[in-house]
Amino acid sequence: MNRRHALKTVSAAAGLALAGPTGFAYDGKKSKDKFRFCLNTSTISGKKLGIEKYIDIASRAGYDSTEIWIADVKAYVSNGGSLAALRKLLVDSKVPAVDAIGFAPWMVDDDTQREAGFRQMREEMEMMAALDCPRIAAPAAGIKPTDQLDLFKVGERYEELLALGRETGVTPQLEFWGASRFFHIGQALMSAAATNDPGARILSDVYHLHRGGSGYECLKMIDGSLLEIIHMNDFPGNIPREKLEDKDRIYPGDGAAPLKQILTDLNNMSGEKILSLELFNRTYWEQDPLLVAKTGLEKMRKAVAEVA
């Protein structure tokens, strides 16, 4: 049996595991205990206040945790801050970093660029380990619009990334972007299945599920262990899907996304779900960041209350 055939067999079997009866299992938790609320700091990044201020705002607004950007951590360190001091700030503020957003080109075909991407991932994973941040995003950074993706190769590379995650203690979350070549949750599921690794995780997003044409019925097919974090946002109903941009994201519940369906399906999965507010709305960026953070949290809580 050649490797490609073996991988097909593995991914088919793993796919059944991902979409099988356990994907519909519910662990008995009530909605209010099921969800945790997180602030992705991009939501309040327009004024470029820095990671210390973002942490303070998340804490004052009442979030359970933060999703930080690695570029902000590096800027903090380059300006004289220490990872130990930042870790203490996260602990004292009671908004631990549960995930980190970075853009290492680990998925690309070019060997030199990919090797550099893996070195970058190691460095950034070690930084996150020092902050007690257990996850890091693993998007399709560096993939060009004209590139042809071999999902078996993506799976092999993600398997290698998962091994690196075990070394560092920080789990890479496979992320798809709706406007990229790695645009569909089906591609992420295929790549995750090809690893045949129980540690595989997918970072999903309300906006990207719509923008890339995945839709939302797919959530009913996913085992809860695969999905720990979902980026929360919404989008206007009067802009064609293919024309939407990140800047068009709006507060959850203010647009056309079927949030009640989405949250019901997440609620029916096993495991706690972290709802992370991720917006890039320029109008919000001009407003008071604490008000924006509070408004986003209030709207997420309201949406969750409707499925309780």
Worksheet entry | Which listed pairs, of 74/94; 34/88; 243/302; 48/74; 144/299; 144/220, have C-alpha distances above 25 Å, in listed order | 34/88; 243/302; 144/299; 144/220
Item to complete: Name all residues of region 269-308 having a backbone nitrogen under 20 Å from the label point set 7 Å from the Cα of residue 256 along its Cα→Cβ direction, giving them as ranges.
Response: 279-282
Discussion item. Just to be sure I understand, if you calculate Kirkwood radius over Cα pairs in Å for this structure, which of [x] 19.7; [y] 21.0; [z] 20.3 do you get?
Written reply: [x]
Worksheet item: With the contact rule set at Cα under 8 Å and sequence spacing of 6 or more, what percent relative contact order holds for region 32-305?
Response: 22 percent
Worksheet item: So which aspartates and glutamates can residue 53 reach, going by Cα to Cα under 18 Å and dropping same-chain residues fewer than 8 places off?
Response: 64, 67, 72, 92, 99, 278, 286, 288
Worksheet item: Under a plain spin-label model, where a point goes 7 Å from the Cα along Cα-to-Cβ, how far apart in nm are residue 164 and residue 294?
Response: 4.2 nm
Item to complete: Apply the Karplus parameterisation 6.51 cos²θ - 1.76 cosθ + 1.60, with θ equal to phi minus 60°, to every residue of region 269-284 and state each ³J(HN,Hα) to the nearest whole Hz, in sequence, with x for glycine and proline.
Response: 7, 6, x, 5, 10, 9, 9, 10, 6, 10, 10, 10, 7, 5, 5, 5
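Take every Cα pair under 8 Å in region 125-194 that's 6+ residues apart, average their separations, divide by the length, and report that relative contact order as a whole percent.
Values: 90 pairs, mean separation 30.5, N = 70.
Normalised by residue count, the contact order of region 125-194 is 44 percent.
Above 19 Å lies some portion of the pair distances; for region 126-230, what is it as a whole percent of all C-alpha pairs?
Values: 2260 of 5460 pairs.
For region 126-230, the fraction of Cα-Cα distances above 19 Å is 41 percent.
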Worksheet entry | Packing-based ranking, highest mean first, of 198-205, 149-156 given that Cβ atoms within 10 Å are counted | 198-205, 149-156
Worksheet item: Could you give the length gained on full extension between residue 116 and residue 243, defined as 0.36 nm per residue of separation minus the Cα-Cα distance, in nm?
Response: 42.4 nm
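Readers should treat all values here as calculations from the given coordinates under stated rules, not as data from a laboratory. Predicted, not measured: the structure shown is a model, and the values here were computed from it. Cβ coordinates were reconstructed from backbone atoms using ideal geometry, including for glycine residues, and neighbour counts include every protein chain displayed.
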